[in-house]
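The structure appears right after this line, and notes come after that.
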Amino acid sequence: MKFIVQWNGLPTAERSVIERFMKTGGKPPEGVNLLGRWHATAGLHGFAIVETDDARGLSALALEWGDLLTMSIVPAMTDEELGAALGKHQASH
């Protein structure tokens, strides 16, 4: 399943976020496949699309950065997946 991961950092965490990212490359935990990641051109804001079938990896991701960033992780669907779900819904009503 795909998820949208959004993050925001406090200005006081900027140095620590940069150091950790440069050291780790921001690699996701085992079992979480990073499909793409985008960063704001200024500030500690951004989002990523990840894929996993195991919520433990998402939890590990949130815990790994939780001391420096606030994170929101929500399920995501492609247009095709949403269209199929909407078609099924329409057919049942």
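Quick note: the coordinates plus some simple rules give every number you see, no bench work behind them. Quick caveat, the model's predicted, so the values are computed rather than measured. A quick note on method: Cβ atoms are made from the backbone with ideal geometry, for glycine too, and the neighbour counts reach across all protein chains shown.
Quick one: angle between helix 14-24 and the longest Cα principal axis of the chain, in degrees between 0 and 90, rounded to 10, please. Helix 14-24 and the main axis of the chain meet at about 70 degrees. Helix 79-92 and the longest principal axis of the C-alpha atoms of the chain enclose an angle of approximately 40°. Here each label is just a point 7 Å from Cα along the line to Cβ, and for T41 and D67 those points are 3.3 nm apart.
Report, in degrees rounded to the nearest 10, the 0 to 90 angle that the Cα long axis of helix 55-65 makes with the longest principal axis of the chain. Here the helix axis deviates by roughly 30 degrees. Taking square-rooted eigenvalues a ≥ b ≥ c of the alpha carbon gyration tensor, is the range 8-51 rounded, prolate or oblate, where a/c under 1.5 means rounded and, failing that, a/b exceeding b/c means prolate? Oblate, because a/c is 1.5 or more while a/b does not exceed b/c. Per-residue extension of 0.36 nm, minus the Cα-Cα distance of K88 and N33, leaves a gain of 17.0 nm for this segment.
For L44, nonlocal amide neighbours, meaning residues 5 or more places apart or on other chains whose placed amide H falls under 5 Å from its own, are G9. Sorted into 10 angstrom bins from 0, the C-alpha pair distances of the chain split as 15, 44, 24, 12, 5, 1 percent.
Evaluate the relative contact order of the chain (contact order divided by residue number), counting alpha-carbon pairs under 8 angstrom at least 6 apart; express in whole percent. Kindly include the intermediate steps, with their values, before the conclusion.
Details: 119 pairs, mean separation 39.3, N = 93.
With pairs under 8 Å counted, the relative contact order is 42 percent.
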